Amino acid sequence: MNINLQYQYYSKGYVILKNALNKKDLLECKKQLLKSYKKIFKENVTFDNIHKILSKYEKNKDWDIMYLAFKDACNSKSFLKISKKLEKLSRNFFNLKCKTLTCAYAIGIKNSKRTGYDWHQEKTYYSKIKKKTFHYQFPFFDKCDKSNGTMSVLEGSHTLGEISEYTYNRNFRKGVYSYVPKDIKQMKKFFKEKYLIMNIGDVCIFHENIIHRSNKNNTSKIRFAGINRQEVV
């Protein structure tokens, strides 16, 4: 593995690996979305109308059925295959054997506060796990950029270590929740915010202690970002 990429990860708290994932494997994940939403929604979901349909379900607060389709996709062979590929990537990058804790995806919907994460550290969600964890995010439907609300990080903030003082932030009972560091305003003055721009095939590895968030999607298309979390075995 390129020593410069490893240095970037340890110094900045994240690194984007270009063309690290097979595009055919990612296409299978994309196709799996259609299969899962078709099966659960009992509608003719296509690559063209999936954005409109999901936006409709979100607006109508049909969150339970959306979650069923989400779980069906996450538990599929396509996503499992990507997890295995990322475990192999961990072995090559960190020289460590890891196992997947979570295989899922995040969605960003225009005008939806329910699906957006505020500033947080991944470590807060895995505080009971004493071993080191690694975290991955990657686009598999369309690219992730600033316009559709890609993840951003406070570069270098992982050097603060695990933050114990935070506020619990959840806008909806069936929405995502964030543990926002209490001194986040002060932290934003010292650590520069960087938006993670990724094309299909790219993958971001980010440190368990780096402060990050998802952002507002200003487009009419849903942002789908694959997520993989691993624990050192």
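The values are calculated or read from the model by the stated rules, or taken from the named source; none is laboratory data. No experiment lies behind these values; they were computed from the predicted model shown. A quick note on method: Cβ atoms are made from the backbone with ideal geometry, for glycine too, and the neighbour counts reach across all protein chains shown. For accessibility, only protein heavy atoms count, side chains too; no ligands or nucleic acids. Shrake-Rupley method; radii C 1.70, N 1.55, O 1.52, S 1.80 Å.
Structure summary
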item	result
For Thr133, net neighbour charge (Lys/Arg +1, Asp/Glu -1) across residues whose Cβ lies under 12 Å away	+3
Cα-based reach from Lys192 at 13 Å (exclusive), listing aspartates and glutamates while leaving out same-chain residues under 8 positions away	Glu155
Per residue, in Å², the accessible surface of the stretch 1-149 once ligands and nucleic acids are set aside, probe 1.4 Å	55 Å²
Rounded if a/c under 1.5, otherwise prolate or oblate - the stretch 29-85, Cα gyration tensor axes	prolate
Descending semi-axes in Å of the stretch 172-233, equivalent ellipsoid built from Cα gyration tensor	21, 18, 16
C-alpha long axis of helix 63-74 to longest principal axis of the chain, angle in °	70 degrees
Net charge, Asn218 excluded, C-beta distance under 12 Å - Lys, Arg +1, Asp, Glu -1	+4
Cα shape, the stretch 100-233, gyration tensor, a/c 1.5 rule	rounded
Pairwise centroid distance, computed over Cα atoms, of the stretch 145-178 with the stretch 88-119, Å	13 Å
P(r) weight above 20 Å for the stretch 30-153, C-alpha pairs, percent	53 percent
Which listed pairs, of Lys18/Lys99; Lys31/Lys131; Lys84/Lys189; Lys146/Lys182, have C-alpha distances above 28 Å, in listed order	Lys31/Lys131; Lys84/Lys189
Computed magnitude of the charge dipole of the stretch 122-233 (debye, nearest 20; Cβ of K, R +1, Cβ of D, E -1)	380 debye
Residue-span extension gain [Asn92 to Val232] - 0.36 nm each, minus C-alpha spacing	49.1 nm
Most mobile of Gln186, Gln137, Gln121 in a GNM of the chain (Cα contacts under 10 Å)	Gln186
For the stretch 218-231, Karplus couplings with θ = phi - 60° (6.51, -1.76, 1.60), whole Hz, Gly/Pro x	9, 10, 7, 9, 5, 8, 10, 10, x, 10, 9, 10, 10, 10
Acute angle (nearest 10 degrees) that the helix 3-12 long axis makes with the longest principal axis of the chain, alpha-carbon atoms	90 degrees
Protection proxy ranking, peptides 67-77, 100-110, 9-19, average beta carbon neighbours within 10 Å, highest first	100-110, 9-19, 67-77
Mean Cβ count within 10 Å, highest first, over the residues of peptides 160-173, 205-218	205-218, 160-173
Gaussian network model of the chain, Cα within-10 Å springs - most flexible of His135, His120, His51	His51
Choice from Phe134, Phe79, Phe190 with maximal GNM fluctuation in the chain (Cα, 10 Å cutoff)	Phe190
Folded to 0 to 90 degrees: helix 50-59 orientation relative to the chain principal axis, Cα	90 degrees
Gain on full stretching of the segment that runs from Ile53 to Glu165 - 0.36 nm per residue minus C-alpha separation	36.4 nm
Net charge dipole size for the chain [Lys, Arg +1 and Asp, Glu -1 on Cβ; Debye, nearest 20]	380 debye
